[in-house]
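Student: Here it is, the structure, as structure tokens.
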Amino acid sequence: MGLYTKLPEDLQEVDVIIAGGGLAGCVVAGRLAEADPGLSILIIEQGPNNYAVPEIIHPGLFPRNLHPTSKHTLFWQGNRSEVLANRRRLFRLGER
């Protein structure tokens with residue numbers, strides 16, 4: 001198993017490719033690996049390597065990612081809504 005920011009040149013073929021390393025993608029990869037340890041599984045995730053970013057790896061610092069100015073989180077701003085007093089809802093989409 002490896003963590004790569006660029007695919008190894010000698011990687012020619014894998015058994016399963018999973019697009020997205022979020023909760024669902026990682027659960028699927030884990031279940032497949034448990035079911036058949038011989039499978040080669042490639043998870044493709046967007047964004048930079050955040051393996052050593054404190055706000056990502058330390059649960060106590062995670063709330064910093066909920067602020068709209070977070071450089072580690074993607075947000076989408078919804079349309080104005082009358083039921084929200086004509087405000088726009090902000091949705092957290094995932095990691096950058």
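Student: Based on the alpha-carbon set only, what is the convex hull volume of the chain divided per residue, in Å³?
Tutor: Considering the Cα atoms of the chain, their hull volume per residue is 146 Å³.
Student: Over the chain, calculate the relative contact order: mean separation of alpha carbon pairs under 8 Å at least 6 apart, over the residue count, as a percent.
Tutor: Relative contact order, the chain: 20 percent.
Student: If you bin every alpha carbon distance in the range 50-91 into 10 Å steps from zero, what whole percent lands in each bin?
Tutor: 27, 37, 23, 13, 0
Student: Right, something else. Using Cα centres only, tell me the gap between the range 24-60 and the range 74-92 in whole Å.
Tutor: 30 Å
Student: Using θ = phi - 60° and the Karplus form 6.51 cos²θ - 1.76 cosθ + 1.60, what ³J(HN,Hα) does each residue of the range 15-24 get, whole Hz, x for Gly and Pro?
Tutor: Per-residue couplings from phi come out as 7, 9, 10, 10, 8, x, x, x, 4, 5 Hz.
Student: Among GLU45, GLU13, GLU82, determine the one that fluctuates most according to a GNM of the chain built with springs between C-alpha atoms less than 10 Å apart.
Tutor: GLU82
Student: What nm value, rounded to one decimal, do you get for the distance between ALA35 and LEU61 when each label is placed 7 Å out toward the C-beta?
Tutor: In this crude spin-label approximation the distance works out to 3.7 nm.
Student: Tell me, what is the percent relative contact order of the range 1-45, built from C-alpha pairs under 8 Å that lie six or more residues apart?
Tutor: Values: 38 pairs, mean separation 21.1, N = 45.
Relative contact order comes out at 47 percent.
Student: Still on this structure: Give me the percent of Cα-Cα pairs in the range 27-83 that sit more than 16 Å apart, rounded to a whole number. Present the calculation step by step, with values, prior to reporting the outcome.
Tutor: Working: 1040 of 1596 pairs.
In whole percent, the share of Cα-Cα pairs in the range 27-83 beyond 16 Å is 65.
Student: Evaluate the range 1-45: find the radius of gyration of its Cα atoms, find its Kirkwood radius, and give the ratio Rg to Rh.
Tutor: Rg divided by Rh gives 0.95.
Read-outs throughout are calculated quantities, based only on the coordinates presented, and are distinct from any laboratory measurement. Nothing here was measured: the structure is a model prediction, and the numbers come from that model. For neighbour counting, all protein chains shown are included, and Cβ atoms are generated from backbone atoms with ideal geometry for every residue, glycine included.
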